[in-house]
Structure formats: structure tokens, C-alpha cells
1. What full-extension length gain, to one decimal in nm, is calculated for ASP65 and THR445 as 0.36 nm per residue of separation minus the Cα-Cα distance?
2. May I ask for the percentage of alpha-carbon pairs in the stretch 215-372 that lie more than 25 Å from each other?
3. In terms of the Cα gyration tensor, with a ≥ b ≥ c the square roots of its eigenvalues, is the stretch 147-276 rounded because a/c is under 1.5, prolate because a/b exceeds b/c, or oblate?
4. May I ask you to derive the FRET efficiency for PHE202 and GLU501 from their Cβ-Cβ distance with R0 = 35 Å, giving the value to the nearest 0.05?
5. Across the stretch 490-506, in residue order, what do the Karplus-derived ³J(HN,Hα) couplings come to in whole Hz, using 6.51 cos²θ - 1.76 cosθ + 1.60 with θ = phi - 60° and x for Gly and Pro?
6. Take the alpha-carbon centre of the stretch 167-212, take the same for the stretch 8-75, and report the distance between them in whole Å.
7. Any idea what the dipole of the stretch 469-517 comes to, in debye rounded to 20, about its Cα centre with Lys/Arg Cβ at +1 and Asp/Glu Cβ at -1?
8. With +1 on each Lys and Arg Cβ and -1 on each Asp and Glu Cβ, and nothing else charged, work out how big the dipole of the chain is about its Cα centre, in Debye to the nearest 20.
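The values are calculated or read from the model by the stated rules, or taken from the named source; none is laboratory data. Note that this is a predicted model, so its numbers are computed, not measured. Cβ coordinates were reconstructed from backbone atoms using ideal geometry, including for glycine residues, and neighbour counts include every protein chain displayed. For accessibility, only protein heavy atoms count, side chains too; no ligands or nucleic acids. Shrake-Rupley method; radii C 1.70, N 1.55, O 1.52, S 1.80 Å.
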Amino acid sequence: MRNNRRTLARDLRVDVAELAFAEVHPEHVNNGDENRYPNKIGSYSKGLPHEDNPASASFGEVDLDAYATLTRALTTGKPADFESIMLAGPTRLVNPQAGLAFDLEGVDAQAVTMPPAPRLDSPEAAGEIVELYWMALARDISFTEYATNSTVADAITELNNMPGFSARPVTVDNVFRGVTPGDRRGPYVSQFLLHPVQYGTFRLTQRQETKKPNTDYLLTESDWVAIQNGAMRNPNPAADRDSERRYMRNLRDLTHLVHFDALYQHFLNACLILLDMDAPLDPGNPYVLSRTQEGFGTFGPPHVLTLVGEVATRALKAQWYQKWFVHRRLRPEAYGGLVHLTKNNPGRYPIPADVLSSQALAETEAKLGTGIFLLPQAFPEGSPAHPAYGSGHATVAGACATVLKAWFDESWPAFHRTAPMPPSVAGPATSPQQRRAVVADPNGTGLVAYTGKEALTVGDELNKLSGNIGMARDAAGVHWRTDCTRAAELGEQVAIRLLREQKDTYNEDSSLVLTKFNGDTVTI
């Protein structure tokens, strides 16, 4: 029997390997900006040496010899070449070799891809940067005040006139949100970021440390170029912190959340909340109708809690290949520098006219001072030291949300306006327990009942959680909209492939069903 099991284990490994081998790797295509602009203004270069003399015609541009050391390492893949990349300061590049790693389970890091990012001079990029300027201006506005706030109204009006938003009209119900139906239903913040989380015998409220209002960074030319050169900054100065912990009430709170989080923690929390609610499992779970058994190590709580972390690391490897080896898209802070320099020296860079003449830019100058058009950052250090496209947070969010949508009954109305308020004391659940849908009050010091009529389903709130995490990085000024929406879809691909490969390793017969971000249904 022992030898038979040994043979079966080997055969299963071979079968799964052949299944992966049968998947043809896609062609990876970038937007062409790296070749289009010899001075590399359309490509990621943070951390490398940049011209720091304001009188120079190439002020803020990367040293081309240094850039060549980066591309040489990415071409050869040799560890020694990565050690030879020329840096300007103490900030080190974040893990470019991750995209070359192999995984022996699930999709290979190079077997999935993303479409090219919008070009530097495209209407799509123009719309995205104008949205980012508006998000920076709106960081301190409570979500509950969006319907009556003039800044939000102006943002909606201008974005609807940007060519990049013509296919998706902006309204007060979807402004600064993700693109799934769940993002557009109910309040801005997912219930999974507001309700208490049960960690064994610990019950944690989701009131977090946050920043004081109007705490923005990279507001001068000298600071901007220093950050491009890899200058170090304290990421969380004590003087800038709010003295009170708050529930997520505005974009600034969300940006602080995604500055210091462990990427998958929000989906671990969501999983724990659903388990604490005794949320119904997907009907395809083999133990839903079992008379004699329940799941544990397979198709039970330990299994799904492990999957949330397991899929995250695989999704990151796939995304890191896209970031470093395919797209190398510049960060919004770098584009904001190009906008600033072009506004003060017309014609310097190919920035679309509707960006340069936008109300968002005029409002930014009015706030920062005459002649300052930089994109204000929520983080003192600006973006992390890796390319923009796509977002690591959004990739992990897409992957983890997909696992949880496969695991639980997506259609279950978990949160409703007539359900009980979030409990303060944990108790064992004997049947599925709805919770009342809530929002943070304008000060973020308490939760109040959401007054909307619709019940909020598991699937919609998981999609919204994914959107919240991705768009929070946009609100910080460190990512573009397409960095997030397309990265979530990449994470979704990784999760589906992982679940499919694992299926053959179980003794149970299962048939999990989930709804993708685009509305298509997948059976695993």
C-alpha cells in the first residue's frame, strides 16, 4: 500500500505538471514608451541617478548610463548584474528578481499577462492623472459627504469631459471607485473593513491609526527630484499622525491603511468575519450536504485561511514579472513632475493639453502655491521602489477575493439595514447571522447604520474590498487606475489556475462556482 501511494503521488505530480505545460505562455507586450522616448521619461527610473540641477535642460531626467545597468540586469537575469545596477541613494529596488522565480504549484509567473499600459501621451493616461489630482484634493472629504461636496462635484464634471472616461460616465455613486458592480452598490467602504474581526479569543475593532488632514508630501521641486534619486524619508512621522484612531471615513484613512498593511490581511480578516458569521459555503463544497462529515484540513476553515496567504505569494511573483520585465511604467509622482515642468516650460514634454488646462491642476496650484503643479503624495517617501504597472496590492486583492468568492456563497446577503449592529462580544454561531450594514460617521469615531435599501452580498462586498484596496493606492498618488483594475484581473487568473490545479489532489468531489470581476461565471 505504501509503495502504491508513493507511485500515485508521483503520477499526480506528473499529471499536474503536464497540465501546466499544456498552457501556452502568452506574448508579453508593453506600450512602447521605453523605445519611444530616448530620455526614458515614460519609464520607471526611481532610485537611479537623475539630473538634479534645476538649470539643466534635462532636470529630473534619469542618467541613461544608470538606466542601461538596470535594463542589462533585466535582460541577462544574472544576480551579479542586479548587484551592479547604479543607484543614486540609499533606497534599494524592490525585488526585481521575483519575476524570475518558479512556482511548482499553480500558474507560472510568466504564464499570465496584462495588456499594455496606456501610453504616456494617451487620452487614457491624461484621464487617469487628472483623476489622481482630484483624488489628492479630495483626501480629507468624508465619503458620507460626497453627494453634497463641491470638490467632488467638480471632479465628476471634469472627469466626464476627459476622453479617457468617455466609456464609463462618472457619477457620485462611482467616483473614485473600482469598476465591478459590487463597487457601485452600497456605501464606498466594504463592510469587511468596518466590522470587528474575531481572531480566536481576540476581537479586534477596525479603528486604525491615521494621518492628520492636509498631510501631503513631495510639494517642491527639490523634494521631488530627491525622491526620484532614492532619498530616504520617515514613512510615518509622529508629528503627522492623528491622535485618535478612526474607522475608514475618507481617502486619507484608506491611503494610510494600505501604506503599512500586510497585503493579504484584509482578505484574511474578511475570511475570519465570514467564518464568525457562519456564512453559507459555496453549494459546490463537498461537505455542504454531507450527513456524516464536515471539512477541516480540506474544504474547512484551516484550508481556506491558508489559501488566502498561499495565493498571495504566487500572484505577486506573476505581477513582479510584469512590473520589471515587461512594462516598467513610470509612477504617477514622476508623471506629476513632467506636468509641473511642462506647465512652467510649455512644450517641454508631450503632456496632453487637457491635463495642462484642467481644473484639477489649477486647484492644485491654488492649494500648493504659484507655479507648483506636482502631484501631492500621501506617503513621505512617495511610491515604493518598483514600477507602477500593475499594483501589487491590487493583484493580491484580486487573487484573494477570487479564492473567497469560490469558497463562500457569493449571493448570500451578509449585510442588511435591518440586521443587528456589529456584536461587541463573540459567540458561537449556530446558523448564518446577518450583520447590519454600516458606514463610518464623518469623524470616523463611530459606526452608524447604512440607510440604503439593498442588502449587500458576500460577492459584491468582496469585489468592493478588492476595489477599495486598489483605489486606495491610487488615492495615495502611487498608482494609476489601470494599475489596479488590470492587476486585480491578473490576480484573478492566478487564483483560478491555483484552485484548478489543487482540485485533482483532493479525494472529495467538489464543484466550486465563482463570478469573475467581468461577470462571467467559472466552475472549478
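1. The span from ASP65 to THR445 would gain 131.6 nm if fully extended.
2. Working: 7224 of 12403 pairs.
It works out to 58 percent of all Cα pairs.
3. Judged from the Cα gyration tensor, the stretch 147-276 comes out oblate (a/c at least 1.5, b/c at or above a/b).
4. Numbers: r = 34 Å, r/R0 = 0.98.
Efficiency, from the Cβ-Cβ distance: 0.55.
5. 5, x, 4, 4, 4, 5, 4, 5, 5, 4, 5, 5, 6, 3, 6, 8, 9
6. Comparing the Cα centres of the stretch 167-212 and the stretch 8-75, I get a distance of 33 Å.
7. Numbers: 7 positive and 8 negative charges, 48 e Å.
For the stretch 469-517, the charge dipole is close to 240 debye.
8. Working: 50 positive and 61 negative charges, 157 e Å.
Dipole magnitude for the chain comes out near 760 debye.
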